[in-house]
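This report refers to the structure that appears directly beneath it.
The values are calculated or read from the model by the stated rules, or taken from the named source; none is laboratory data. Remember, it's a predicted structure, so these values are computed and weren't measured experimentally. Virtual Cβ from ideal backbone geometry, glycine too; neighbours counted across all protein chains shown. For accessibility, only protein heavy atoms count, side chains too; no ligands or nucleic acids. Shrake-Rupley method; radii C 1.70, N 1.55, O 1.52, S 1.80 Å.
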Amino acid sequence: MPKHEKNDVELIRTWTLSPAATMGSSVRAKGILQELQSRVPATSKKSLALDGSDIILAMSASEKAVFNAAAAVVSRAMEDVETLPVIPREIQDILTIKVGERHRWLADGRLPSAGTRTVRLNGRARRITFHVFDPKVVEDLLDRGAVDEWREEDAEAKAENRRKAAYKAKLTRSLKKAAKTEKVNKGKPDDAASQLRGWEEFDVDGLLR
C-alpha cells in the first residue's frame, strides 16, 4: 500500500491482473506494476501498489483530481497489459530458466527476440539495452514444455561433443606415438639385421663387398 495513514486513504481503485497477463509469475506482475508506474504522473507513482495479482491505486480525498487522472491512465494501460513485452528477468521466472540458458537459446534462435529496449538505470547516467519477448511466444513455449526439450537437446549435444573430443584426443595421441616410432626406426636402420644369427661373421668375410 502507498505511504498514507489508513484513516487518510479515502480514494481507492483496484484492477486485477489476469493469469494471461502474469503467466503465473510474481516477477511479471511486479514488472507490470513498474510499467504502470512509469505511465502515471510522477506524483502518483508511489500511490500505485501491487497486492498479489491486484493493482491498487490509493490516495487521500484531497487528491481527487490527481486520483482520477492516474486512474484513467491505468485503466487505458490495463486494456493491453497482456501484450506488454516480456523482459529478461520475467521470462527467466516464467520459464524457470537461467541467465546462461536465456543467452544460449537467444543466440541460436530457439528463443526468438521481439526486439530490444533501452532504459536508463535508476540514479545513473548509463543506459542498458536488452532483448524483450512476445508474451504469446513465451506462453506457447511454457504450454508445450519447450524448455525441457531444449535442455535434453543440449545434454545430447554436449555428450556428443565430449565423444568427439575424446576420439580426437585419442587419434592425436596415436598419431604422435606412430610418428615417434617411425623416427626411432629411421635412426636405427640396421637394428633388425644386426640381430640375425651369424651376421657379424658374414659381414667380416666381406661377402657384401
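Values for this structure:
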quantity: Residue identified as polar (S, T, N, Q), touching a strand residue (DSSP E or B) at 6+ places or on another chain (Cβ under 9 Å) and surrounded by fewer than 14 Cβ atoms within 10 Å (Cβ to Cβ) among T96, T118, T83; calculated: T118
quantity: Among (1) touching a residue at least 12 places away in the same chain (Cβ under 8 Å); (2) charged (D, E, K, R); (3) in contact with a strand residue (DSSP E or B) (Cβ under 9 Å, 6 or more places away or on another chain), the one test that R127 misses; calculated: (1)
quantity: Long-range neighbours under 7 Å by Cβ, at least six apart or interchain, first residue closer than 16 Å to F130 by Cβ within region 98-109, second aromatic (F, W, Y); calculated: W105/W150
quantity: Residues satisfying the stated conditions in region 37-64, i.e. in a helix (DSSP H, G or I), of a type outside the set (S, T, Y) and open to solvent by 80 Å² or more (accessible area, probe 1.4 Å); calculated: R39, A42, K45, K46, K64
